[in-house]
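Input: a single structure, listed below in structure tokens.
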Amino acid sequence: MIVRLYSHPDCVSHQTPEGHPERSDRLAFLLARLEQTGFTQDHPVCEASPIADELVLQAHDPKLLERLKQLNPDEGLMPLDPDTWLGPTSIAAALKAAGSVWQGVNDVVAGGETRVFCAVRPPGHHAEFDSPMGFCLLNSVAIAAINALNLSGIDRVAILDFDVHHGNGTVDLCRKHSEILVCSSFQHPHYPDRLHDVVAPNIVNTPLAAGASGDDFRRAISSSWWQAIEAHRPDLVLISAGFDAHRKDPIAHINLDEGDFAWVTEEITALAEQFSQGRIVSTLEGGYDLQALADSSLAHLKVLAA
Ligand SMILES: [Zn+2]
């Protein structure tokens, strides 16, 4: 199986303040690692194009995009909140991150033996309808899911989010779309502490206590996600792939390792083969220990490439 990788130099250069965990090095380190290991020899890296504004506006409040464009500085950094920052290339990076997921969706819908991984930043899953937050400007995965429903042959989508933080933005944008199933596992209580208690037939919230092990994670996911996916029968699977539930991650307290990320990817891949003609587009969200991020991403990619 070929994994098409999408990325863009603007996603690397999107700037945050010194000492911020969501930093350029994350993506630079990951891309260098994919090259060093030879992964990119077999699986091409494609340059992402920006998503069209009208596709963003299918998901987000028009005022959000307007505000981001207005505030995006020509130089220096502009805070949107204490966690979330704009630098000179930030809006370009966010539009290309969303553009890569959308291009990936079109690639896998067009067919062929292809899966897609978007090695992009800023992440997106905390961005709500009218508000950036938690390092996220635009919700790339939710934008792609909502627009995918207009593609021929795509009646139902599943978004599977194993980032250690709850995908509050994705829940916010997708909860009214019964055709989109959102499954999110997350440390609880923990940031962002919003919308994790939404009850809807298409929302599956899977909280994990601080200190949870790989076995706890596997049990929790197995008892809540697989049945929901089988019932939903998605035509397309999108993964919000955050690797900050890794035991080495500095900003959360869940004890997964590369083997757990490989396991969840194998299970998702099997379900996508069964229900979704194998259509998977995975997108990087969090992961703040450089080594753990690179090792976990590679474990995820090796399963996608199998
Ligand atoms: Zn996270």
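General observations
- Qualifying residue in the range 166-174 (condition: among the hydrophobic types (A, V, I, L, M, F, W, C), free of Cβ contacts under 8 Å to residues at least 40 places away in the same chain and crowded, with 24+ Cβ neighbours inside 10 Å): yes
- Verdict on residue 192 being surrounded by fewer than 24 Cβ atoms within 10 Å (Cβ to Cβ) and within 11 Å of the ligand (Cβ to nearest atom): yes
- Scanning the range 267-288 for residues that are within 17 Å of the chain's Cα centre (by Cα) and either of a type in the set (Asp, Glu) or at pLDDT below 95 (or both) yields a total of 1.
- Segments classed as helices (runs of 4 or more DSSP H), wholly inside the range 23-90, with at least 1 members that are of a type in the set (A, V, I, L, M): 24-36, 53-56, 62-71
- Test: residue 201 is of a type outside the set (D, E, K, R) and either within 18 Å of the chain's Cα centre (by Cα) or within 16 Å of the ligand (Cβ to nearest atom) (or both): no
- Contact map, the range 280-306: residues that are without any contact (Cβ under 8 Å) to a residue 12 or more places away in the chain paired with residues that are away from the ligand (no atom under 16 Å from the Cβ) and among the acidic types (Asp, Glu), Cβ distance under 7 Å, separation 6+ or inter-chain. No pairs are found.
- Count - residues of the range 155-171 that are within 16 Å of the ligand (Cβ to nearest atom), outside any strand (DSSP E or B) and of a type in the set (Asp, Glu): 1
- In the range 240-251, the residues that are surrounded by fewer than 23 Cβ atoms within 10 Å (Cβ to Cβ) and within 11 Å of the ligand (Cβ to nearest atom): 251
- Pairing residues of the range 25-41 that are among the charged types (D, E, K, R) with residues that are surrounded by 12 or more Cβ atoms within 10 Å (Cβ to Cβ) and part of a helix (DSSP H, G or I), at Cβ distances under 7 Å and at least 6 apart in sequence or on separate chains, gives 25/290; 26/290; 26/293; 33/294; 33/298.
The values are calculated or read from the model by the stated rules, or taken from the named source; none is laboratory data. Just so you know, these numbers come straight off a predicted model, no measurement behind them. Heads up, the Cβs are rebuilt from the backbone with ideal geometry, glycines too, and the neighbour counts pull from every protein chain shown.
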